[in-house]
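Throughout, read-outs are computed from the coordinates displayed, never taken from laboratory work. Predicted, not measured: the structure shown is a model, and the values here were computed from it. Every residue, glycine among them, receives a Cβ derived from its backbone with ideal geometry; neighbour counts consider all protein chains shown.
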Amino acid sequence: MMEGIRDYIVTHYVTNSRDDSAYWADCRNALKSKRLERLLKVWDDNGDFESVLNELDDGLVYLRPSWYVLLMGVGRFTTKLEQVAPAAKPVLDYKKSRGYCEQLVADVFPQHNQYLQSIYGDKWPHKMSLI
């Protein structure tokens, strides 16, 4: 677990683009773990980054999207700009959800006129005074 935290923090330092001091230049050359070297190489080579994240899953502490955000956030894009997060499966089927809601309303709530008839009885429908 500690290695996963270290790798994530070190990534911030080794991917920095600051040039205002020797400190930041030295940080870019900081010692990286084999796991971090592999992640960065696959990312930079436009490889299957998601597969590597899957392989290293037990050692990762931060959520997968955090790695994408970190690397893109520091401007580390592949030359082809093809590195994208995996497509998400649709959370819901709109038509199915709408049908469910319509059926629920039909089952639970009476029709408006039926409800008013149940309240007012013979007096419904009637002309209501606006005053």
**Within segment 1-26, tally of residues that are of a type in the set (Phe, Trp, Tyr) and either under 27 Å from the mean Cα position of the chain (by Cα) or crowded, with 16+ Cβ neighbours inside 10 Å (or both)** = 2
**Request:** Tell me which residues, restricted to segment 27-75, are closer than 15 Å to Asn16 by Cα, under 20 Å from the mean Cα position of the chain (by Cα) and among the aliphatic types (A, V, I, L, M).
**Result:** Val69, Leu70, Leu71, Met72, Val74
**Message:** So Ser33 ticks every box in (1) in contact with an Asp or Glu (Cβ under 7 Å, 6 or more places away or on another chain); (2) within 16 Å of Gly75 (Cα to Cα) but one. Which box is left unticked?
**Reply:** (2)
